[in-house]
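Visitor: Could you have a look at this structure, given as structure tokens, before my questions?
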Amino acid sequence: MLEIRLNCECCDKDLLPDSSDAMICTYECTFCKRCVENILENVCPNCGGGFTPRPIRPKTERCRGLSIEHQPASINRVRTKYTIEELKGFSEKIRHIEPEDR
Ligand SMILES: [Zn+2]
Ligand SMILES: [Zn+2]
């Protein structure tokens, strides 16, 4: 099940479960759209993969036992260990390769 993280690893902006501003990689590394576009340039600093918008878990229990209330967001805020310069430097090496070719 997808771990819904509540902040951008880079700028620490809040990314509530219903935010359309959250982007994730396949390992659930979570960043805001602005950081993905302007700093990471679609390169995840933790795995080198690309990003996709995070799906929104439903608020309403339309299927039994399944909703954000039943499987809530993660309570741990994750922050990157890299500096902005390191993030940009990593992206610099990889961003020209399309995610499907990485
Ligand atoms: Zn951010
Ligand atoms: Zn990643």
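Visitor: Please report, in whole Å³, the volume per residue of the convex hull around the C-alpha atoms of the chain.
Guide: Output value, Cα hull per residue: 95 Å³.
Visitor: Next up: Measure off, as a whole percent, the carbon and sulfur share of the 1.4 Å-probe accessible area of the chain, all protein chains present.
Guide: After summing per-atom areas, the C and S share lands at 51 percent.
Visitor: How do His70, His96 stack up against each other in accessible area, from largest to smallest, with a 1.4 angstrom probe?
Guide: His96, His70
Visitor: Leaving out ligands and nucleic acids, and using a 1.4 Å probe, what accessible area per residue does the chain come to in Å²?
Guide: For the chain, the per-residue accessible area is 63 Å².
Visitor: Let me ask another. How far is helix 84-94 tilted, in degrees, relative to the longest principal axis of the Cα atoms in the chain, given as a value from 0 to 90 rounded to the nearest 10?
Guide: 80 degrees
Visitor: From the phi angles alone, apply the Karplus equation (6.51, -1.76, 1.60; θ = phi - 60°) to region 53-60 and give each ³J(HN,Hα) in whole Hz, x where the residue is Gly or Pro.
Guide: Those phi angles translate into x, 6, x, 9, 6, x, 6, 9 Hz.
Visitor: Separate question: List nothing, just return the count: lysine pairs in the chain, 8 or more apart or interchain, with Cα separation under 21 Å.
Guide: The result is 7.
Visitor: Please compute the length gained on full extension between Ile84 and Cys47, using 0.36 nm multiplied by the number of residues separating them and subtracting their Cα-Cα distance.
Guide: Here the segment from Ile84 to Cys47 would lengthen by 11.7 nm.
The values are calculated or read from the model by the stated rules, or taken from the named source; none is laboratory data. Just so it is clear, the structure is predicted and the values come from calculations on it, not from any experiment. To get the accessible areas, we keep the full protein, side chains included, count just its heavy atoms, and leave off ligands, DNA and RNA. Shrake-Rupley method; radii C 1.70, N 1.55, O 1.52, S 1.80 Å.
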